[in-house]
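Note sheet for the following structure.
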Amino acid sequence: MTHWSAILIAAIPYIARNSVIAHRNIRRMLHNSRMFTYIDPTIRQRLTAQGTLFQIDREGVRLDSAKAAVETISILGPIPLPLQLGAMHVDVEWYACVRNTELGKIEELADDLRAENGQQSFATLASFMAVNSVLVVGDPKTWRDPLVRVHSCCMTGDVFGSERCECGPQMKTALARIQEDEQGGLVIYMSGHEGRGIGLWAKAATYLLQDAGEDTYQANRSLGLPDDSRDFSDAAALLKYFVDGNSFRLLTNNPKKVDDLSALGLHNITRVKHVTGVTDNNRRYLAAKQDWGHELDAEDLGSE
């Protein structure tokens, strides 16, 4: 075990304990509050009547608002979203998606935020809620075999442009390929998947361990974390709704992603290779993914 490993492992109980304490403090602050709907009830009613706020169940079936249950996903959209990614322009329809269990947690914590310290409290509450996104390119009514990317969020790659991974180029290239495809398709952006599900803080720790010689999976194990802890159940429900039983092509080099979605009831998936953004800065990282089971070859990695 490296010196950094020992320090980071020792820090985990402290980090976890303080996260729990912070959550308890918020609960205590709001314990005796009136129930608050995260979206104002009058706005909720208006959006529901417009059909731009609705719910689907775990099988992707759109529900009548009167039948709403805890094990559902609330969706806001479509929202026209023109994207300018470098020289590429893509017009998409954005859908914001959140588990109702997440909304329930927020509402349990809510107080009379408009009356007291509203802005700060809203920011605190929102930080506990993971909102996934669906970016639709084209007309879903015409789809027979759309092109799909289920993309795990990556702050360092997607936002900062880091070359330690290939996530940023994969996201942009996926949108370009979907826009160019005659069928069109969609990107599902999974906001809770940072660092293959371990979160940004732990991911930062794994980067330090990788700099000390470990690969991306060894670093997770040194921290006592799974190689891959991503949950694709929300992605599966969203695909069932938006793809509506059609076959689809999935942009991924990871056969396990196909297996996970298939286990959640999605079939007729054709995996489409999606290699882009390979540089000297991430070749070792990609080689570790190759060893772990990703369908990458020497030509993809630019090595002999």
Note to self: Exceeding 23 Å between C-alpha atoms, which entries from my cross-link table qualify? They are LYS203/LYS289; LYS172/LYS257; LYS240/LYS289; LYS203/LYS256; LYS172/LYS273; LYS141/LYS273.
What the structure shows: LYS240/LYS289; LYS141/LYS273
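Which of the GluC sites (Glu not before Pro) found in region 181-272 are loop residues per DSSP with 16 or fewer other Cβ atoms within 10 Å of their Cβ?
Details: sites: GLU182, GLU194, GLU214; in loops: GLU182, GLU214.
Counting only loop positions with at most 16 other Cβ atoms within 10 Å, the GluC sites (Glu not before Pro) in region 181-272 are GLU182.
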Check: How big is D for region 134-273, in µm² s⁻¹ as a whole number, if Stokes-Einstein is applied with the Kirkwood radius of its Cα pairs at 25 °C and 0.890 mPa s?
Finding: 155
Margin query: With viscosity set to 1.306 mPa s at 10 °C, what whole-number translational diffusion coefficient in µm²/s follows for region 219-261 from Stokes-Einstein and a Kirkwood radius over Cα pairs?
Written below: 130
Next item on the list: Take the Cβ-Cβ distance between TRP94 and ASP280 as r, set R0 to 41 Å, and report the resulting FRET efficiency rounded to the nearest 0.05.
Entry: 0.75
Item checked: Per-pair calculated FRET efficiency, R0 = 22 Å: LEU76 and THR42 via Cβ, rounded to 0.05 -> 0.90
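Note down the net charge around LEU223, summing +1 for each Lys or Arg and -1 for each Asp or Glu among other residues with Cβ under 15 Å from its Cβ.
Values: positive: ARG196, LYS203, ARG221; negative: GLU194, ASP211, GLU214, ASP215, ASP227, ASP228.
Spelling it out: positives minus negatives among the neighbours equals -3.
The numbers here are math on the coordinates, done by the rules we state, and not lab data. Every value quoted in this text rests on a predicted model; they were computed, and no experiment measured them. Every residue, glycine as well, gets a Cβ built from its backbone with ideal geometry; the counts of neighbours run over all protein chains shown.
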